[in-house]
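Below is one structure, written out as structure tokens, with a few remarks after it.
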Amino acid sequence: MKLETIIGVVIVGALLVGGFLYNTSSKKIAAVDLSAPAKTLDEKKKKFTVAPDISSPDGFINTEGKPITLAELKGKIVVLLDIWTYSCINCQRTIPRLNDLYAKYKDLGLEIVGLHTPEFSFEKVQKNVEDAVKRFDIKYPVVLDNDFSTWNAYGNRYWPRKYLIDID
């Protein structure tokens, strides 16, 4: 089965039954059996921690001048949080696939939020990030996390890192 098909099934499953959740106690993503009945929000809260929201953002790109939060998307759509930095070659290699996923699934309930967390001081400059977003043809929202506050809230340790956050 093609990766694109698998991702599509995961997104639909996450929309329907809360397919994936971030478990902060084990720092792992946990899959939900799609054949099992949907878990209630209370059942999910007993097993998983709610994904942390974006913390003290330093700027926004592709948001029409408005801030974006994960809380405002809760209950509406599935979010793929992509922690990246523009000079990282491994991050650069994932961008074409993310662009394809966004184009294919944005109208079906998937939002990608790029969390740009800089490795080097020149990557903290919003204009530099804006130029990179344009160069890579990124259409999804990008949030600048210059102080690593959201990175730390997720207990993240490397670039690139993807977190698939279910509708709840």
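The values are calculated or read from the model by the stated rules, or taken from the named source; none is laboratory data. Because the structure is predicted, anything quoted here is derived from the model rather than measured. Cβ placement follows ideal geometry from the backbone for every residue including glycine, while neighbour counts extend to all protein chains displayed. Accessible surface areas use protein heavy atoms only, side chains included; no ligands, DNA or RNA. Shrake-Rupley method; radii C 1.70, N 1.55, O 1.52, S 1.80 Å.
For the range 95-165, with every protein chain kept in place, what is the accessible area per residue (1.4 Å probe, Å²)? Could you put the intermediate results ahead of the total?
Working: 3390 Å² over 71 residues.
Ligands and nucleic acids excluded, the result is 48 Å² per residue.
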_Length released on extending from PHE120 to VAL50, taking residue separation times 0.36 nm less the Cα-Cα span_ = 22.2 nm
*Among residues other than PRO118 whose Cβ falls under 9 Å from its Cβ, what is the net charge (Lys/Arg +1, Asp/Glu -1)?*
-2
*Amide proton proximity set for GLY59, modelled H, under 5 Å, gap of 5+*: LEU144
*Could you tally the net charge around THR85, taking each other residue with its Cβ under 12 Å from the Cβ of THR85, Lys/Arg +1 and Asp/Glu -1?*
-2
*Cross-link pairs LYS39/LYS124; LYS127/LYS162; LYS44/LYS66; LYS74/LYS134 - those with Cα-Cα distance over 32 Å*: LYS39/LYS124
*So what J values fall out for the range 87-101 if you push phi through Karplus, 6.51 cos²θ - 1.76 cosθ + 1.60 with θ = phi - 60°, rounded to Hz, Gly and Pro as x?*
8, 7, 5, 5, 5, 4, 5, 8, 4, x, 5, 4, 4, 5, 4
*asked:* Please list 3J(HN,Hα) in residue order for the range 134-142, calculated via the Karplus relation 6.51 cos²θ - 1.76 cosθ + 1.60 where θ = phi - 60°; whole Hz, with x for glycine and proline.
replied: 5, 4, 8, 6, 7, 9, 7, x, 10
